[in-house]
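Just so it is clear, none of the values below were taken in a lab; they were calculated from the coordinates. Keep in mind it's a predicted model, so treat the numbers as computed, not measured. Using ideal geometry, Cβ is built from the backbone for each residue, glycine included, and neighbour counts are taken over all protein chains shown.
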């Protein structure tokens, strides 16, 4: 039986750190499905549709990676698609705590589910979508942190010079 | 002199994890007062009044547990009620850091105050009110995570299927 | 060549913990510039102008400390001012993770930049601007947590008694 | 191509927590090899041979689990056996830090190697070989923490009543 | 029924940090018993007898504190003495992880047992017996870190000037 | 007045991670003194004299770095040399906790002392002397983890193939 793994996230935007996990996960399992969640943020940088398109742009580089939208509970969606493994990347201790809670509660909601974790590569250990958003909004150059198809979209947005966020 | 302990929180909603701490705390001290804080969240799932009612529903199961509303600073409220011990549950490291800061600053504001901590039982280590809220809003079944009197209220609310939060 | 260090933050408000780091940093380097960031919070307690004024009030006590406003990306601003060292205070593990990410990403954005950290003194380990804001809004006395020129301003604001935040 | 995963450790002794990871790992991959390391402890509770035997006793319950001795560097041994995936269990933050360092350094020593992590199930989050050793040495009953074939061996050892270790 | 709490440790030596927890614990419960464990260290600084004597010297200052030797498993000893509450001090995250594991495993060994934690006061957050031992062995002055009856004993020991430990 | 900073450690052996901190520290301060501590390990890989020699070999590359032996308490030694700043590298959370304790206790022993921390560069975040020792002892190639003058010495030692340590 083929092992298909789900890789869920909001991907606002998808970064080189996500791409690293996708590449390694697609190499380890028979197939990988990127689940783009609709997100609970009031003002995401990119719309749900844009985030799905950017994930699809990355998925094309692999022959066993696909993209699905995620509206509702992840475990419900996984049951419907008969996917039993979730892949998550770990960068930091705070990630660890959050993922630990998620793995345990998802197991309660879907006992057949298994959560598998991969450590971030050391060159991406500092990288997060929220940092990329902040730097882009303040007019910084994020081209080294995101794949080309994300970088193009970020450049088309006017920098929010008045926001004044300190990083 | 009787040892009365305060157990403060927003309890939006109160979970089986809280119930576990209440049971163990009520067993250890002469009395326990659940302080339901008005909350700083803009959109709590339950109103202040509902959260107080749910706590009262749980308190009835014990002969030494009562409920009080908390509007304003906890230390001010404890001084007014001559309560000198605060009980808090610990699940994770992030809890630990937060509780450590709270214990130290509350000591500055009320030098007679003592903070006592209990570890979450291992079956509740993943459980938080915010997770319960998210799952309920996405149409998931939270009946195994909350006491019956909370579960009934959650079922009466329509699921927010369009929110699309990934967990 | 003189070693000038930047000490960035939103300082809403500046606390005795910040003052401790400023004093120790000003002693260690030839000059220290407090960079007051415009902030991404929708409703800061103090306006950008007020926060700059309070920092200037503290800076006057030192002969090698000055204040600059920060609108935009920190690394851009530091490059413009030819400042190559950032000073940050560490209180807790969560601080550590955040600062670690910041140090690494700022290094990517500005390879000549060096980040230097100082541990908070033990009497300030619990102290944060957000805690000071919460206590002040709930009518608590924060005079022992902030410098006099901040305390005066906090007293002039009416307490938000109806907010009911539990700490 | 079959995905074979290595599960290395000293297993002094192998516990129910290890068994849980072995079961879940064997379910996720085509094969799992328990690598029993010779250990750097001066006085292991069980000899290298005993630890291998106990692992073999567990492996018999699965049709895709085997046992190999590990003398020398793990990455050298994995290269010789053409195994490219390491499985590790995570219980706590300290585990996380250690595993993070191991995953990164092993990647340096063997760039094709991938490390995959699984969270401990919540009922085993407290369980470690060193705790089992301590309790057994002080005459406590560890039968609920270890598989039967380990329990039998522990019972045959006289308790070290004079050691007086506090747990 | 009187609530008696056990405060176990190796106390090699007992420090001002321990004394702070003893004072606060004795104030919160009806009685407190210091359990001095025989220790698994090969070369403790003080013998089992000396450590018991130093604890007794402190206990005399309180009317509800006593001292008992601990040889063997803590939970066995607590059952024999019908003590159902263990008190532990928390200074740091590493303490937290260790105490969390201990609380959970002791609960398995003795289901009626409750573990209660108190945060270290901020002035003792850095203090540990092992640090005191190291400083004393290198000829440093530890009189501000330990009670007088410990300080006297430490002074009588010749400093191990040749050890050359870096702190 | 010139700012001289002490960089203490056991350096058994000195690694590329240490070298990175030395380079950055020497750039930030007027002078840097590597204090090689005699060490409390019973069996260091390198003798005190060898560790001093290897540090001297590195120091020659800089015009403001020197080496001193450290026998006894660091703070005593710093007072004697009138050095008031200690530099330490941070890789992980466990480092953070240890360094936090050290900074606070050293401040108690020597109130004029300031501790300054630098984050490890991301490519060295996994690197420690103990890992280098383990890999070398098991016959692994550590040449990419240590400076050339350390690598040469490690190669001259016979690998301890029988030790069988799992990493």
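If you run the Gaussian network model on chain A, springs between alpha carbon atoms under 10 Å, then out of A:106, A:82, A:64 the most flexible one is A:82.
Sorted shortest first, the separations between the residue A:79 label point and its copies elsewhere in the assembly read 4.1, 4.8, 5.2, 5.2, 6.8 nm; each point sits 7 Å from Cα along the Cα-to-Cβ line. Estimated purely from DSSP H runs of n ≥ 4, each contributing -39500 (n - 2.57), the mean residue ellipticity at 222 nm for chain C is -12000 deg cm²/dmol once divided by its residues. Given the rotation that superposes chain D on chain C, what residue of D brings its beta carbon nearest the axis, and what is the distance in Å? It is D:93, 5, counting Cβ atoms only.
Once the label point is set 7 Å along the Cα-to-beta-carbon vector, what list of distances in nm do you get between residue F:152 and its counterparts in the other copies? So the label point of residue F:152 gives 5.4, 5.8, 5.8, 6.6, 8.2 nm to the other copies. Kirkwood radius for the stretch C:29-68, taken over all pairs of different Cα atoms as the inverse mean of 1/r, rounds to 10.9 Å.
In percent, rounded to a whole number, the relative contact order of the stretch A:1-146 is 30, using alpha-carbon pairs under 8 Å and six or more apart. Its residues counted as N, chain B yields a C-alpha radius of gyration over 2.2 N^0.38 Å of 1.04.
Counting, for every residue in F:138-147, the Cβ atoms of other protein chains within 10 Å of its Cβ and taking the mean gives 3. Residues considered: B:114, B:49, B:80. Largest GNM mean-square fluctuation over chain B, using C-alpha springs under 10 Å, is found at B:80. Per the Kirkwood formula applied to alpha carbons, the stretch D:42-128 shows a radius of gyration over Rh ratio, Rg over Rh, of 0.97.
Over the stretch C:88-136, Cα pairs under 8 Å with separation of 6+ residues give a relative contact order of 49 percent. Here the ratio of the Cα radius of gyration of the stretch C:1-83 to 2.2 N^0.38 Å is 1.05. Within the listed set C:109, C:117, C:87, the residue fluctuating most in the Gaussian network model of chain C (springs between alpha-carbon atoms under 10 angstrom) is C:109. Computed over the alpha-carbon atoms, the protein assembly as shown gives an Rg to Rh ratio of 0.94, Rh here being the Kirkwood radius from the mean inverse distance. Averaged over peptide C:85-91, the number of partner chain Cβ atoms lying within 10 Å of each residue's Cβ comes to 2. For chain E, the longest principal axis of the Cα atoms and the long axis of helix E:16-28 meet at an angle of about 20 degrees. Ordering D:144, E:79 by the number of other Cβ atoms within 10 Å of each residue's own Cβ, fewest first, gives D:144, E:79. In nanometres and ascending order, the distances from the residue F:63 label point to those of the other copies are 3.0, 5.9, 7.4, 7.4, 8.5 (point 7 Å from Cα along Cα→Cβ). Gyration tensor analysis over the Cα atoms of the stretch A:1-41 returns equivalent ellipsoid semi-axes of 21, 13, 4 Å (largest first, whole Å). Please give the helix B:48-59 orientation as an angle from the longest Cα principal axis of chain B, in degrees from 0 to 90, rounded to the nearest 10. Between the helix axis and the principal axis of chain B, the angle is about 70 degrees. Counting only other chain Cβ atoms within 10 Å of each residue's Cβ, the peptide D:102-115 averages 5.
The angle separating the long axis of helix D:93-109 from the principal Cα axis of greatest extent in chain D is about 40 degrees.
The fewest-to-most ranking of A:108, B:2 by surrounding Cβ atoms within 10 Å reads B:2, A:108.
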